[in-house]
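S.K.: I am attaching a structure below and will ask some questions about it afterwards.
The values are calculated or read from the model by the stated rules, or taken from the named source; none is laboratory data. The structure displayed is predicted, hence computed values, not measured ones. Counting neighbours? That spans all protein chains shown, and the Cβs are built from the backbone with ideal geometry, glycine included. Surface accessibility is based on the protein's heavy atoms, side chains included, excluding ligands, DNA and RNA. Shrake-Rupley method; radii C 1.70, N 1.55, O 1.52, S 1.80 Å.
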Amino acid sequence: MQAEALSQMADWLEDHATAIAAGKEQLDVQAINDLLDNLGVLRHPVQEYLTMTEEQYYENESDHRLTLQNEKQPLSELKDRVLVNHVDGSLANSELNFTYNHEHPYANGTYNVTNDLHTIEYALEVIGAVTANTIMADVRNNLSQDAVLSVALAAHAVGQWQKNNS
């Protein structure tokens, strides 16, 4: 069920990202947050991280893949993202190796909503595929907390962009 929900949301985003970026459709940020919370990778509900400072997150949970930029700043303002871009290894031996790269939705100094939409879509697609083929404990034990938080940060930023552009 979890894998199906992740993959369905990824497929929906693939079909609707252009319309969302054009302001013709809305991303359901709460649905993304619910999917992330259900993964059980992060210790707290996604919503709690948005007001947490970068320093609090860094000291208590970060796996140090994100580039934190201002320790006093709330995480909701973080501009770095970690994209889940691939997985390999052995499902039978519970050896999952997720690979990541940095995404910069603010690369040119202005926000690129399409970049964040793709970060969400691609991460959900990869995570959904893995979840469909292994047990959740293997996903929880191998998936980066910073990557999961990045999906939440991307969804939050898209939500804020939608509010500001509606």
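S.K.: Within 24 Å of G159 (Cα to Cα), hydrophobic (A, V, I, L, M, F, W, C) and in a helix (DSSP H, G or I): does that describe L66? Outline the logic, then answer.
M.R.: On the way: within 24 Å of G159 (Cα to Cα): yes; hydrophobic (A, V, I, L, M, F, W, C): yes; in a helix (DSSP H, G or I): no.
Judged against the criteria, L66 is not a match.
S.K.: Additional query: Take the residues in segment 19-36 that are without any contact (Cβ under 8 Å) to a residue 24 or more places away in the chain and not charged (D, E, K, R); name whichever of them is most open to solvent (accessible area, probe 1.4 Å). Give the steps one after another, and end with the answer.
M.R.: Taking segment 19-36 as the starting set, the residues that turn out to be without any contact (Cβ under 8 Å) to a residue 24 or more places away in the chain are 19, 22, 24-25, 28, 30-31, 34.
Keeping just the survivors that are not charged (D, E, K, R) gives 19, 22, 30-31.
Numbers: A19: 25, A22: 65, Q30: 99, A31: 26 Å².
The extreme case among them is Q30.
S.K.: Would you pick out the residues in segment 155-166 that are modelled with pLDDT of 95 or more and under 12 Å from I20 (Cβ atoms)?
M.R.: If the condition is that a residue be modelled with pLDDT of 95 or more and under 12 Å from I20 (Cβ atoms), then A155, V158, G159, W161, Q162 are the ones that fit.
S.K.: Would you tally the residues in segment 37-91 being open to solvent by 60 Å² or more (accessible area, probe 1.4 Å), under 22 Å from Y111 (Cβ atoms) and either aliphatic (A, V, I, L, M) or out of contact with any Pro (no Cβ under 9 Å at 6 or more places or on another chain) (or both)?
M.R.: 7
S.K.: Test Y100 against the stated conditions and say whether it is out of contact with any Phe, Trp or Tyr (no Cβ under 7 Å at 6 or more places or on another chain) and open to solvent by less than 50 Å² (accessible area, probe 1.4 Å). Lay out the reasoning, then the answer.
M.R.: Values: out of contact with any Phe, Trp or Tyr (no Cβ under 7 Å at 6 or more places or on another chain): yes; open to solvent by less than 50 Å² (accessible area, probe 1.4 Å): yes.
Yes, satisfied.
S.K.: Inside segment 103-144, can you point out the residues that are surrounded by fewer than 17 Cβ atoms within 10 Å (Cβ to Cβ) and of a type in the set (D, E, K, R)?
M.R.: R140
S.K.: Restricting segment 106-133 to residues that are outside any helix (DSSP H, G or I), of a type outside the set (V, I, T) and modelled with pLDDT under 95, which is nearest to A21 (Cα to Cα)? If you could, list the steps in order and put the result at the bottom.
M.R.: Residues of segment 106-133 that are outside any helix (DSSP H, G or I), as a first pass: 106-112.
Imposing the further condition that a residue be of a type outside the set (V, I, T) reduces the set to 106-109, 111-112.
With modelled with pLDDT under 95 added as a condition, the list becomes 106-109.
On the way: Y106: 15, A107: 17, N108: 17, G109: 18 Å.
Per the stated criteria, the residue is Y106.
S.K.: List, please: which pairs have Cβ atoms under 6 Å, are six or more places apart or on different chains, and start with a residue in segment 62-74 that is under 19 Å from H44 (Cα atoms) and end with one that is in a loop (DSSP other than H, G, I, E, B)?
M.R.: Short answer, once both residue conditions are applied: D63/S144; R65/S144; L66/D80; P74/T51.
S.K.: In segment 1-27, what count of residues is obtained for those that are closer than 17 Å to E125 by Cα, part of a loop (DSSP other than H, G, I, E, B) and in contact with a helix residue (DSSP H, G or I) (Cβ under 9 Å, 6 or more places away or on another chain)?
M.R.: Narrowing segment 1-27 to residues closer than 17 Å to E125 by Cα: 1-17, 27.
From what is left, the residues that are part of a loop (DSSP other than H, G, I, E, B) are 1, 27.
Still in the running and in contact with a helix residue (DSSP H, G or I) (Cβ under 9 Å, 6 or more places away or on another chain): 27.
Qualifying residue count for the region: 1.
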